[in-house]
Amino acid sequence: MPQAAAVAERSPSSTGRQPVGSDFAPLLRTVKGQGLLDRRIGWYTRTIAVNAIALTAVCIAMYFVGGSWWVLLLAPVLSVLCARTAFIGHDAGHSQITGKRSVSRAIGLIHGNLLLGMSSAWWNDKHNRHHANPNHIEKDPDVAANVLVWTSKQARVRMGFRRWLTRNQAWLFFPLTLLQGVAMKIYGFQDLRRQPPRERLVEGVLLVAHLVGYVTLLLTAMPVGHALAFAAVHQALFGLHLGLAFAPNHKGMEMPDPDGERWGHLHRQVLTSRNIRGNPVIDWFLGGLNHQIEHHLFPSMPRPHLRLAKPAVRAHCAAVGIPYTEAGFVDSYRQVLRHMYEVGEPLRVE
């Protein structure tokens, strides 16, 4: 899959900084010299195997306790494992696991379409556009005005129910993420119309296979009432988990002005991204996306190498005078919510 984020294409900026197209080259040489762009096939093989075994174990356990309401305790476990599955699909889409395009696509289809019911083609198209121009209001689909908005200009034109949403979006953010897992499944089905016939067939068959398999698993493992409650808890917590992983990465960071100066790759990726300080537990919980700056600079870098690249990236940013933004786990969400609150502020004082 083309690595859109790795292209040193330039995008607009509102900071007045002059573009420095060569700033990234020395850092790239350093990272390559440390072997941090080398594949970690063994690590990913173990990760995929452990995740598959854990998913199988939870599904088997559902049959053993499905007749009891205790089965709902397995729903949060399954949501966490589904998030692991999504992270594997994400890494495959970036060619972090292998450089073979066909193998990466197969891994993405299995972990995205079949296991999660989320279209890998839809995700990769959307995600590559995000990586190419993060936080660019006209080019990054992640900051397009939708249920939520990210700039005061977007907020001013909101009307009716959407205007109410924007006024209260900081308070509604986490409740809305409970719907994210289901929404991503719907977006995948809608995206089938965009895809060429052959890809549409493969993607569609696997999406339907997931839906049929998921419903069959629930209805054969437990009574209908238990199944409905299990699905609600599982999908809600899955969406929340993904929201926790994605939200703090860029929201509230700089947003390039379409009419401003132009940035090179280093400026564009670092200034729009926020890292989350942490430890191996946070790395595991957030799928390595807490190292967002490193991930955006080197999207094909294997997940276990992102933490190792931080010292070189931080030192290089200091040397060229680019702010390197990090926040604590809780503080990162506080910054995101503060930004959302400020965007909606003008609508609350009318």
### Summary
the chain: relative contact order from alpha carbon pairs under 8 Å, six or more residues apart, as a whole percent, is 31
## Note on the structure
Going through 100/185; 100/310; 139/251; 139/185 one by one, the pairs whose alpha carbons sit over 21 Å apart turn out to be 100/185; 100/310; 139/185
### Task
Would you mind checking the tilt of helix 303-320 against the longest principal axis of the Cα atoms of the chain, expressed as 0 to 90 degrees and rounded to 10?
20
### Message
Quick check: pseudo-label points 7 Å beyond the Cα along Cα→Cβ at residue 54 and residue 307, how many nm apart are they?
### Response
1.5
### Message
If you take semi-axes √(5λ) of the Cα gyration tensor in Å from the coordinates, which of [x] 36, 24, 19; [y] 34, 26, 19; [z] 42, 21, 19 do you get?
### Response
[y]
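Coordinate-derived values only; no laboratory data. For clarity, every value in this text was computed on a predicted model and none was experimentally measured. Glycine gets a Cβ as well: all are built from the backbone with ideal geometry, and neighbour counts include every protein chain shown.
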